[in-house]
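Take a look at the structure below.
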Amino acid sequence: MKVKKVVLHTEEARASSESDSEYNSSDEELQEAYAKGLLKPGLNVVIEKNKREYKNRVNLMKDKLKRFKLDLPWIERLDMVNAPAPLAPELALQMQEQEVRRAKQLRGNKKLPQYDPTNDPVLNDFHRETMFHRQAQGAVMNAIARLKKLGVPTIRPEDYFAEMAKSDTHMHKIRQNLMRQQTIAQRSEKVRQLRQQRKVGKQMQIEATLKKHAEKRKLLEEVKKYRKGARRDLDFLDDKKRPQKQTVDQKVAAKRKMKNAKYGFGGKKRDSKKNTRASSANVAEYRRPSKPGNLKKKGGQSEKRLGKDRRRQMKAKKRRQQ
Amino acid sequence: MTKKELKRKRTENLNKENIPQVEVLPPKRVSDEPPPKKVKWINRQRVLVFATRGISYRHRHLMDDLKTLMPHHRSESKMEHTKNLQVVNEMCEMKNCNKSILFEGRRKRDLYLWFSNVSVGPCAKFLVENIYTMGELKMTGNCLKGSRPLLSFDDNFDTKPHYSLLKELFVQTFGVPNHHPKSQPFFDHIFTFTVLDNRIWFRNFQILTEDGGLAEIGPRFVLNPIKIFADSFCGEVLWDNPSYISPTKFRQSLKKNTAGKYINKVQQKIAQEGSKPKESYSLNPLDEIFKGEPLEKALELRQKEIKEVQDNDDKQKKVKKHSKKQLGKKVEKRNSKKKKKN
């Protein structure tokens, strides 16, 4: 139960603290205060009271305002006190978009300090700026109507040239900056789309391979069944490759048919004279090579080619036999 | 018959409607029009816009922007720092100005703005925060140099007397006088003053379309009011901002916060070490007897016991030796005494 020093909010205490003579009697005072129940047990800490008094002289200010106010018609002053214009739908949409974007940004980057939307300084900034914008909008609509009533032209004609507040070079810079930002935004959007596409493509590919594998497995199973005799028919082979009907133009088809009839169609053009597996495995015409000693004699005898007439006769004979 | 009458009545009505329509001036003026007669401007405001020494470049740019937006300004070279700003009144008189905006830079980073209605008062001092000049590239609007701005104020400016006082001051300083020779006769931008968070936020928008299409021109700044004086750069204090904290004090507090960090850390470490228990958990030493191979454990225990016994023996021996020595001494003493007696 410590009682250090306490600021008493009674008038007596304040008076005592100001005068030095009663400075030592603060303990007694504290005791008194404790007895009265102004103090509660516990750790009491000294509160530094701000002694400065802030001035707010309302009457003087009103007086001053009356004295220096200019009583001129509105057209000389152009001041308005107005509430912000109602929220335009496109502004509301922009606001919503900003909120969504900000939420996404915070979700995407955990390194950023995470705020909830009511305390987010970025969103607050945006809301504040839109508020100023709306106030200006309200003022513009109000003022233009008033000026029109007074018969004052407001819009500058297109061919009225005068010095502007910002120079042409500066405006050019601004435009370039805008363009650059736009291109950056476009590029990032494109990249994002590409990334998305790639992701989707990969997924599709994986799905396709999985499907292919599944079909193959199914087919093999069916084949196994057939081989073991659990299946009799080979229908599964048919329905797998069901030909897709294509709509063909009749005229084109007829033309193609004609050309096929005229020039021939189909078949492999290349490699028709090369060995195939079947041809190379064909050993019907194979003869065991003769012994090296006999080679000259036998070969000489057998390899002798008959004359042209004899050969023709032989051919004719063969044909007759057939 | 009836039909005819009806028709006539309608035409009469139409005529009546047409008559009261006053010829409306077109909103646009053609540039070939003969120049209108020069009208003398009634609202003769001249504002002295200048700075003290020690403002930074950004503050200077802001001042230049205000100058471009105010055709009724007069410029003045930079002023030395003086304790008494009443010199400004004399300067204004010399320059024939009845308003003044003084940029007072401190420490090369803080900017204070004085708005004053010279000779009569009042005068207000502001701290300027969040400055964006017109050179900023994100402000895309533009306006004629010297066209008259519309001045839009928040609702708050009517509620409190000091705000209404400030409003009048702003209207007189920022408002470009009608028919001012350097001004343009069109309305293409608007100044907005908004009270938010005890501060006055200034924005400048270009009017793109008359139905509320806007683009920001700049500059942007926030005025944090500090004091309002009754006279120009002197006199009684009419109002004091209770929520104002000077930038130096604010920076000091930030520094203090960071300064306490290390000490706090060290203290915490010491406190933690002091309060840390030596044993994480009070274990019963007998619990470990039945852990592991019983035979090995038994051997270990046996060795430990032997060691303890040996240690004890050594100690006892030492004690015995010591006592023996002492006993020997005593015996010698006694013997010597006896000898002496004899």
Task: Gain on full stretching of the segment that runs from A:Lys291 to A:Arg305 - 0.36 nm per residue minus C-alpha separation - done: 2.9 nm
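Stretch B:Ser336-B:Arg60 to full length: gain in nm at 0.36 nm per residue minus the Cα-Cα span? Can you show the working numbers first?
Details: separation 276, 0.36 × 276 = 99.36 nm, distance 11.05 nm.
So the extension gain works out to 88.3 nm.
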Open item on the list: Need one value for B:184-191: mean number of C-beta atoms belonging to other chains within 10 Å of its residues' C-beta atoms.
Closed with: 6
Open item on the list: What FRET efficiency comes out for B:Lys83 versus A:Tyr34 if R0 is 41 angstrom and r is the Cβ-Cβ distance? Round to the nearest 0.05.
Closed with: 0.25
TODO: Please say if the stretch A:170-239 is rounded, prolate or oblate, where rounded means a/c under 1.5 for a ≥ b ≥ c the square roots of the C-alpha gyration tensor eigenvalues, and otherwise the choice is prolate for a/b larger than b/c and oblate otherwise?
DONE: prolate
- [ ] First measure r as the distance between the Cβ atoms of B:Arg109 and A:Lys55, then evaluate 1/(1 + (r/R0)^6) with R0 = 30 Å and state the FRET efficiency to the nearest 0.05.
- [x] 0.60
TODO: Starting from the Cα-Cα distance between A:Gln250 and A:Phe68, subtract it from 0.36 nm times their residue separation and give me the gain in nm to one decimal.
DONE: 55.9 nm
- [ ] Name the cysteines of chain B that stand alone by the Cβ rule: no other cysteine Cβ under 4.7 angstrom.
- [x] B:Cys123, B:Cys143, B:Cys234
Open item on the list: If I build a Gaussian network model for chain B, linking alpha-carbon pairs within less than 10 angstrom, which residue out of B:Glu76, B:Glu279, B:Glu136 has the largest mean-square fluctuation?
Closed with: B:Glu279
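Assign one of three labels to the protein assembly as shown, namely rounded, prolate or oblate, based on the Cα gyration tensor with a ≥ b ≥ c the square roots of its eigenvalues; rounded applies when a/c is under 1.5, prolate when it is not and a/b is larger than b/c, and oblate otherwise.
Oblate.
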Open item on the list: Charges on Cβ only, +1 for Lys and Arg, -1 for Asp and Glu, centred on the Cα centroid of the stretch A:170-239; of A:Gln181, A:Phe236, A:Gln197, which one is farthest towards the dipole's positive end?
Closed with: A:Gln181
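Tell me the chymotrypsin sites (Phe, Trp or Tyr not before Pro) within the stretch B:242-342 that lie in a loop according to DSSP and have at most 12 other beta-carbon atoms within 10 Å. Numbers along the way, then the final one.
Details: sites: B:Tyr244, B:Phe250, B:Tyr262, B:Tyr281, B:Phe290; in loops: B:Tyr244, B:Tyr281, B:Phe290.
Passing sites in the stretch B:242-342 are B:Tyr281, B:Phe290.
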TODO: Pop a pseudo-label 7 angstrom from the Cα along the beta-carbon direction at both B:Lys37 and A:Lys173 and give the gap in nm to one decimal.
DONE: 4.6
Task: Label point distance in nm, A:Lys268-A:Ile47, each placed 7 Å from Cα along Cα→Cβ - done: 10.1
Task: Averaged over B:215-223, number of beta-carbon atoms from partner chains that fall within 10 Å - done: 1
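Please tell me which of these pairs span more than 23 angstrom C-alpha to C-alpha: A:Lys62/B:Lys83; A:Lys149/B:Lys37; B:Lys67/B:Lys160; A:Lys111/B:Lys269; A:Lys166/B:Lys95; B:Lys307/B:Lys329?
Details: A:Lys62/B:Lys83 29 Å; A:Lys149/B:Lys37 21 Å; B:Lys67/B:Lys160 30 Å; A:Lys111/B:Lys269 28 Å; A:Lys166/B:Lys95 27 Å; B:Lys307/B:Lys329 33 Å.
In this structure, A:Lys62/B:Lys83; B:Lys67/B:Lys160; A:Lys111/B:Lys269; A:Lys166/B:Lys95; B:Lys307/B:Lys329 exceed 23 Å between Cα atoms.
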Open item on the list: With the cut-off at 1.5 for a/c, could you classify the stretch A:61-158 from its C-alpha gyration tensor as rounded, prolate or oblate?
Closed with: oblate
Task: A:Lys218-A:Lys110 FRET efficiency (beta carbon distance; Förster radius 45 Å; 0.05 resolution) - done: 0.50
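Counting other beta carbons within 10 Å of each Cβ, put A:Glu129, B:Glu296 in order, fewest first. Show your work: numbers first, answer last.
Working: A:Glu129 14, B:Glu296 9.
Ascending number of Cβ neighbours within 10 Å: B:Glu296, A:Glu129.
Let me have the relative contact order for the stretch B:69-176, percent, based on Cα pairs under 8 Å that are six or more residues apart.
Working: 94 pairs, mean separation 25.2, N = 108.
The value is 23 percent.
Within 10 Å of each Cβ in peptide B:130-141, how many partner chain Cβ atoms are there on average? Round it to a whole number, please.
Values: counts 0, 0, 0, 0, 3, 4, 1, 9, 4, 2, 6, 4.
Averaged over the peptide's residues, the number is 3.
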Task: Total charge dipole magnitude, the stretch B:257-328, about the Cα centre, Cβ charges on Lys, Arg, Asp, Glu only, Debye to nearest 20 - done: 660
Task: Longest to shortest principal axis, alpha-carbon extents of chain B, angstrom - done: 170, 72, 36
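When only Cα pairs under 8 Å and 6 or more residues apart are kept, what is the percent relative contact order across chain B?
15
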- [ ] Report, by chain and number, residues whose modeled amide H sits under 5 Å from the one on A:Leu39, excluding near sequence neighbours (fewer than 5 apart, same chain).
- [x] A:Tyr34
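Here, each number is a calculation from the coordinates, and none is a lab measurement. No experiment lies behind these values; they were computed from the predicted model shown. Here the Cβ is made from the backbone with ideal geometry for all residues, glycine too, and neighbour counts use every protein chain on show.
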